[in-house]
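Q: Dropping a structure here in structure tokens format, bear with me for questions.
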Amino acid sequence: MSKFIFITGGVVSSLGKGISGSSIAKLLQLRGLKVNMVKCDPYINVDPGTLSPYQHGEVYVTKDGAEADLDLGTYERFLGVEMTHHNTNTAGSIYQTVINRERKGDYNGTTVQVIPHVTNEIKSRFIPFEKDFDVTVIEIGGTVGDMESLPFIEAARQFKLERGWNNVMCVHATLIPYIASAGELKTKPTQHSVTKLREIGLEPDVLICRSEHPLPQKMKKKISLFCSVPVEAVIEARDVPSIYLLPENFEQQNLTDLIIKRLGLKPKTKNDGKWFNFVKKAAKVSKEITIAIAGKYAELHDAYKSVAESLNLAGMSNGVKVKIKYVNTETDTIPAALKGVQGIIVPGGFGKRGVEGKIKAIKYARENKIPFLGICLGMQCTVIEAARNLAGLKDADSTELNPKTKHPVIAMMEEQKTVKLLGGTMRLGNYPCNLEKGSLAHRLYKKNLILERHRHRYEYNTEFVKELEATGLHITGWHKNTLPEIVEYKDHPFFIAVQFHPEFKSSPMNPHPLFDGLVKAALKAKK
Ligand code: GLN
């Protein structure tokens, strides 16, 4: 029988529920269990694809083309399990399913209600992995007490009743604030939040207490008494220099054994400590390189979360700390803002803002032989830069940015023009790409055929291949011989730009080949 762990959050948002949930999942995985994760987001958007990065950070893309919450990136990086649309749910997608069913007459004339119709649909989203996985960790977004998350918590309550206490447990992530003037840690908000959770019928088995200070045993006992959770299940989650250190912190507090016992799990192996040792060693390195991420959301680091994490993970594998310099291509002076960095990334994006700055950044990387990786819009800007500055097509542009350009080197393909719904017009998810033997891409991936995730509408316009190849910008990756996927300059230590999003596929000990290559090239540039 598959087991389920719900993660809820109390007191405030941004407690790192996703990281705590991923850490628990990782600890069980390190004991040989098969673990997957599910995210439930209480907002009404059907998916976060149409949400501004200002509201929600980056949109994470799964292999089957779901546009998802960035927490799925954390799950995938911790577990190395490729996410799909089954890992992500929003209130909007749940209501959409229920309403579509109602319109089709599937409810046989009954009144459609939150209980049981919406909660039944939610419960069906908890179980897609029960056949193939020993444990599913289910993160309920939002904060307990919010109106919006109520149907999800109600569904969890029902689910626990149906599946039985032995098969379902609840972990509540909460905050223990430190009041500086009193010099004290305060447990009251946690008490209230647990009371709130009980009111709606869920009892926490474990409390993950986020705190800036150590939680003395005395304090753990107090929380235990007031919240009616055994003292050994009151877990301290102190701020850590690297999120990947959190699983070992939990392990040292015996959380893994506690969960295994509570759910009657049968671990298949011992934790060999390799993963712990890798992340611990990586957290200690002192050598540093600086890589710039040149985009329009420089102040909003969550907008480039997976790019930053991929750099971090590539650094971890190469024994170096990668410092990221976020450069705003709209407001910073370029190239001045890029001076002194050992590598440059121009990431993906939509719309005109900041594009001219991105093109200048690419010119600077090309001319000054600075290791460069262009991603999606970054690749499209690379093509525009070559067209304008090397092929002499002065007004070359993407039709997304200038629909009237005489030289549309980036344009929308015919079949995409016919799709009308926002969010529905994109090339999304995995597409295969053939690599040219001997190219930089081929040397990095060490494969002829790769699968990478996409999220874009526009493409390199093959009408311009001849003119652009003459500039030295060579296509080394193709989708079915029709769509260019990768471009490179040969006479450059490391210059590669890709139409897909490589940043979604990195994990500790498995850095993505493109980020690994960039970090290695940047390290060489530093010498
Ligand atoms: N805006 C571009 C397109 O839609 C690039 C998208 C991206 O960078 N993700 O094609």
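The values are calculated or read from the model by the stated rules, or taken from the named source; none is laboratory data. Note that the structure is predicted; figures quoted are calculated from it, not measured. Every residue, glycine as well, gets a Cβ built from its backbone with ideal geometry; the counts of neighbours run over all protein chains shown.
Q: Among the numbered criteria (1) within 19 Å of A233 (Cα to Cα); (2) modelled with pLDDT of 95 or more, which one does L161 miss?
A: With respect to (1) within 19 Å of A233 (Cα to Cα); (2) modelled with pLDDT of 95 or more, L161 is out only on (1).
Q: Are any residues in segment 246-268 buried (at least 16 other Cβ atoms within 10 Å of the Cβ) and assigned to a helix (DSSP H, G or I), and if so, which ones?
A: Result: L246, P247, E248, F250, E251, L255, T256, L258, I259, I260, R262, L263.
Q: So, one more: Would you please name the residue that is nearest to the chain's Cα centre (by Cα), looking only at residues in segment 457-492 that are hydroxyl-bearing (S, T, Y) and surrounded by 15 or more Cβ atoms within 10 Å (Cβ to Cβ)?
A: Once the filter is applied, the top-ranked residue is Y458.
Q: Something else about it: If you take the residues in segment 292-325 that are in a strand (DSSP E or B) and of a type in the set (G, A, S), which one is nearest to M509 (Cα to Cα)?
A: Filtering first and then ranking leaves A292.
Q: Has segment 34-49 got at least one residue that is in contact (Cβ under 8 Å) with a residue 12 or more places away in the chain, in a loop (DSSP other than H, G, I, E, B) and aromatic (F, W, Y)?
A: yes
Q: Considering only residues of segment 461-514 that are part of a helix (DSSP H, G or I) and either of a type in the set (A, V, I, L, M, F, W, C) or in contact with a Cys (Cβ under 8 Å, 6 or more places away or on another chain) (or both), which is nearest to the ligand (Cβ to nearest atom)?
A: F504
Condition check ((1) of a type in the set (D, E, K, R); (2) in a helix (DSSP H, G or I); (3) touching a residue at least 12 places away in the same chain (Cβ under 8 Å)) across all residues:
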residue	(1), (2), (3)
V81	no, no, yes
G92	no, yes, yes
Q96	no, yes, yes
Y107	no, no, no
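Q: For segment 166-202: of the residues being touching a helix residue (DSSP H, G or I) at 6+ places or on another chain (Cβ under 8 Å) and in a helix (DSSP H, G or I), which is surrounded by the most Cβ atoms within 10 Å (Cβ to Cβ)?
A: That would be T190.
Q: Which members of segment 1-37 meet the condition of being of a type in the set (V, I, T) and either modelled with pLDDT under 95 or surrounded by fewer than 24 Cβ atoms within 10 Å (Cβ to Cβ) (or both)?
A: Those that are of a type in the set (V, I, T) and either modelled with pLDDT under 95 or surrounded by fewer than 24 Cβ atoms within 10 Å (Cβ to Cβ) (or both): V11, V12, I19.
Q: Inside segment 280-304, can you point out the residues that are surrounded by 20 or more Cβ atoms within 10 Å (Cβ to Cβ) and not aromatic (F, W, Y)?
A: A282, I289, I291, A292, I293, A294, G295, K296, A298, A303 - these are the residues of segment 280-304 that are surrounded by 20 or more Cβ atoms within 10 Å (Cβ to Cβ) and not aromatic (F, W, Y).
Q: Report yes if some residue within segment 203-222 is within 26 Å of G92 (Cβ to Cβ), surrounded by 15 or more Cβ atoms within 10 Å (Cβ to Cβ) and touching a helix residue (DSSP H, G or I) at 6+ places or on another chain (Cβ under 7 Å); otherwise report no.
A: Checked against the condition, which is being within 26 Å of G92 (Cβ to Cβ), surrounded by 15 or more Cβ atoms within 10 Å (Cβ to Cβ) and touching a helix residue (DSSP H, G or I) at 6+ places or on another chain (Cβ under 7 Å), segment 203-222 yields no hits at all.
Q: On to the next question. When you go through L523, L514 one by one, which is the residue that is buried (at least 18 other Cβ atoms within 10 Å of the Cβ) and closer than 23 Å to Y460 by Cα?
A: L514
Q: Oh, and also: Going through segment 326-370 one residue at a time, which ones are within 15 Å of the ligand (Cβ to nearest atom), out of contact with any Asp or Glu (no Cβ under 7 Å at 6 or more places or on another chain) and not in a helix (DSSP H, G or I)?
A: T329, I345, V346, P347, G348, G349, F350, G351, K352
Q: Restricting to segment 371-410, count the residues that are assigned to a loop (DSSP other than H, G, I, E, B) and more than 16 Å from the ligand (Cβ to nearest atom).
A: Residues meeting the conditions: 10.
Q: Which residue out of G57, G65 is modelled with pLDDT under 95 and within 17 Å of E139 (Cβ to Cβ)?
A: So the residue among G57, G65 that is modelled with pLDDT under 95 and within 17 Å of E139 (Cβ to Cβ) is G57.
Q: Take the conditions buried (at least 22 other Cβ atoms within 10 Å of the Cβ), touching a strand residue (DSSP E or B) at 6+ places or on another chain (Cβ under 9 Å) and among the basic types (K, R) and apply them to R163. Does it pass?
A: When the stated conditions are applied, R163 does not pass them.
Q: Of a type in the set (K, R) and in contact with a strand residue (DSSP E or B) (Cβ under 7 Å, 6 or more places away or on another chain), is that true of R353?
A: In short, no.
Q: Do we find a residue being of a type in the set (S, T, N, Q), touching a residue at least 40 places away in the same chain (Cβ under 8 Å) and over 29 Å from Q55 (Cβ atoms) anywhere in segment 306-314?
A: No, segment 306-314 contains no residue that is of a type in the set (S, T, N, Q), touching a residue at least 40 places away in the same chain (Cβ under 8 Å) and over 29 Å from Q55 (Cβ atoms).
Q: Right, something else. When you check A314 against the structure, is it within 18 Å of the chain's Cα centre (by Cα) and farther than 19 Å from V59 by Cα, yes or no?
A: Spelling it out, A314 is indeed within 18 Å of the chain's Cα centre (by Cα) and farther than 19 Å from V59 by Cα.
Q: Can you name the condition, by its number, that L72 falls short on among (1) in contact with a Ser or Thr (Cβ under 7 Å, 6 or more places away or on another chain); (2) assigned to a loop (DSSP other than H, G, I, E, B)?
A: Looking at each condition in turn, L72 falls short on (2).
Q: Among the residues of segment 133-151, count how many are in contact with a Pro (Cβ under 6 Å, 6 or more places away or on another chain) and not in a loop (DSSP other than H, G, I, E, B).
A: Adding up the residues that qualify gives 0.
Q: How many of the residues in segment 438-460 are within 16 Å of the ligand (Cβ to nearest atom) and without any contact (Cβ under 8 Å) to a residue 60 or more places away in the chain?
A: Residues that pass the stated criteria total 3.
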